[in-house]
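The values are calculated or read from the model by the stated rules, or taken from the named source; none is laboratory data. The structure displayed is predicted, hence computed values, not measured ones. Every residue, glycine among them, receives a Cβ derived from its backbone with ideal geometry; neighbour counts consider all protein chains shown.
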Amino acid sequence: MTPAPHRRIQPIDFSWPDPPFQVVLVEPQIPPNTGNIARLCAATGSVLHLVGPLGFRLDDRNLRRAGLDYWSSVRVERYAGIADFFRQRSGDERFFYYSTGGSRCYTKANYRPGDWLVFGNEPDGLPDALLEANADRVCTIPVKRGKVRSLNLATATGIVLYEALRQAGVGEPKPAEQV
């Protein structure tokens, strides 16, 4: 029996939040994670903020490979360090911080378009002083404890970002007359 020809399904055009979500990586260390997160930001229209020092160069082959050919589709902002990052904020932003030590589940946060989703680096997470100063905005992703301490940074970012997008109404197709 001959297999049926493959039919391409027309993708649904979803509504996306405006302003977009802001994804912040503080001192990321592993190039493929950052590349995957850049691809995630390109796919969701989110802005990627890289707070240094970075554990790699932006021309790293593994970083570029993980981001594939999506680099031209993502807006990337760079900062020398955490003080530089916060110095450039207006003070009106809403920040959510993610840590394995958070006491609030990421799904319990009430996300709005334009929110800032802040993730720490792979071995150390976010600085303790930052978490302590913002304890009411620190969220966690549940992990069954045992030998697993945390999730991969790119996985965690995807989980949180798509929950924020779900809360913002992404997932509902645009009405036919708008497509």
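Residue check: is PRO20 in a helix (DSSP H, G or I), at pLDDT 75 or above, under 18 Å from the mean Cα position of the chain (by Cα) and of a type outside the set (Lys, Arg)? No: the conditions fail for PRO20.
Tell me which residues, restricted to region 23-32, are surrounded by fewer than 21 Cβ atoms within 10 Å (Cβ to Cβ) and either touching a Pro at 6+ places or on another chain (Cβ under 7 Å) or not in a loop (DSSP other than H, G, I, E, B) (or both). Before the answer, list the steps.
In the first step, residues of region 23-32 are kept if they are surrounded by fewer than 21 Cβ atoms within 10 Å (Cβ to Cβ); the result is 27, 29-30, 32.
Matches in region 23-32: GLU27, GLN29, PRO32.
Please find, within region 86-117, the residue that is farthest from the chain's Cα centre (by Cα) out of those that are polar (S, T, N, Q) and within 12 Å of VAL138 (Cβ to Cβ). Filtering first and then ranking leaves SER103. Pairs meeting the criteria (first residue in region 144-163 and more than 16 Å from CYS105 (Cα to Cα), second residue outside any helix (DSSP H, G or I), beta carbons under 6 Å, at least 6 apart or on different chains) are LEU153/GLU122. Scanning region 124-141 for residues that are loosely packed, with under 10 Cβ neighbours inside 10 Å and either at pLDDT below 95 or basic (Lys, Arg) (or both) returns no hits.
Residues to consider are GLY114, GLY158, GLY171, GLY101; find the one that is in contact with a Ser or Thr (Cβ under 8 Å, 6 or more places away or on another chain) and outside any strand (DSSP E or B). Lay out the reasoning, then the answer.
Numbers: GLY114 fails: in contact with a Ser or Thr (Cβ under 8 Å, 6 or more places away or on another chain); GLY158 fails: in contact with a Ser or Thr (Cβ under 8 Å, 6 or more places away or on another chain); GLY171 fails: in contact with a Ser or Thr (Cβ under 8 Å, 6 or more places away or on another chain).
Exactly one of GLY114, GLY158, GLY171, GLY101 is in contact with a Ser or Thr (Cβ under 8 Å, 6 or more places away or on another chain) and outside any strand (DSSP E or B), namely GLY101.
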